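The values are calculated or read from the model by the stated rules, or taken from the named source; none is laboratory data. These figures come from a predicted structure and were not determined experimentally. Here the Cβ positions follow ideal geometry from the backbone for every residue, glycine too, while neighbour counts run over all protein chains shown. For the accessible areas, the whole protein counts, side chains as well, though only heavy atoms, and no ligand, DNA or RNA atoms are used. Shrake-Rupley method; radii C 1.70, N 1.55, O 1.52, S 1.80 Å.
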Amino acid sequence: MSKMRGIKPELWTDDDLIECSPLARLLFIGMWNFMCDNGHLADKPRQIKLRVLPADVCDVDKLLDELVDHDLIERRDGFVKATNLPVHQRIDKRYLALCGFCENDPQSMFGPGDHMGKKQ
């Protein structure tokens, strides 16, 4: 499930992000649209490339490693995690999007009990 996400103006001058290559920066921001509300995405570089950078000649696996090296994401147990996504996004619990990785990540901010249902 893809979601609309907001980009705060201070992101463009974030100390960690500006150390990354331009494609790594774009990949980082683009992945947010495909992450659950806890910041998880399946660690499938080919699928990530097709979703975020389909027309660019690049190695997404290396770009993901670059983002790990700058502490912007984690890669573990078959998923990529943008650790601060739930903190920096306004999550509407009426449309809470969770994934299978959420239940196995003790650092998940949201769980099934946090869904508030649609307001009438």
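Things to note:
- Each 5 Å bin from zero holds the following percent of Cα-Cα pairs in the stretch 28-75: 5, 21, 35, 27, 10, 1.
- HN-Hα J in Hz across the stretch 25-34 - Karplus 6.51, -1.76, 1.60, θ = phi - 60°, x for Gly and Pro: 5, 5, 4, 4, 5, x, 5, 4, 5, 10
- Cut-off 11 Å between beta-carbons: net charge of the residues surrounding L63, Lys and Arg +1, Asp and Glu -1: -3
- The gain in end-to-end length when the S2 to D65 segment is fully stretched comes to 20.4 nm, 0.36 nm per residue minus the alpha carbon separation.
- Peptides ranked, highest mean first, by Cβ atoms within 10 Å: ranges 96-102, 71-77, 10-16, 84-90: 96-102, 71-77, 84-90, 10-16
- Amide proton proximity set for F79, modelled H, under 5 Å, gap of 5+: D43
- Partnerless Cys - the chain, beta-carbon criterion under 4.7 Å: C20, C58, C102
- The chain - convex hull of alpha carbons, volume per residue in Å³: 110 Å³
- Fluctuation leader among A55, A42, A24 - the chain, Gaussian network, Cα springs under 10 angstrom: A55
- Accessible surface of the stretch 35-120, 1.4 Å probe, proportion on carbon and sulfur as whole %: 48 percent
- Once the 1.4 Å probe is applied to the protein heavy atoms, the chain comes out at 63 Å² accessible per residue.
- Calculated [θ] (222 nm, deg cm²/dmol) that DSSP helices of n ≥ 4 give over the chain, each run adding -39,500 (n - 2.57): -7000 deg cm²/dmol
- Total lysine pairs in the chain at Cα distances under 18 Å, for residues eight or more apart or on different chains: 11.
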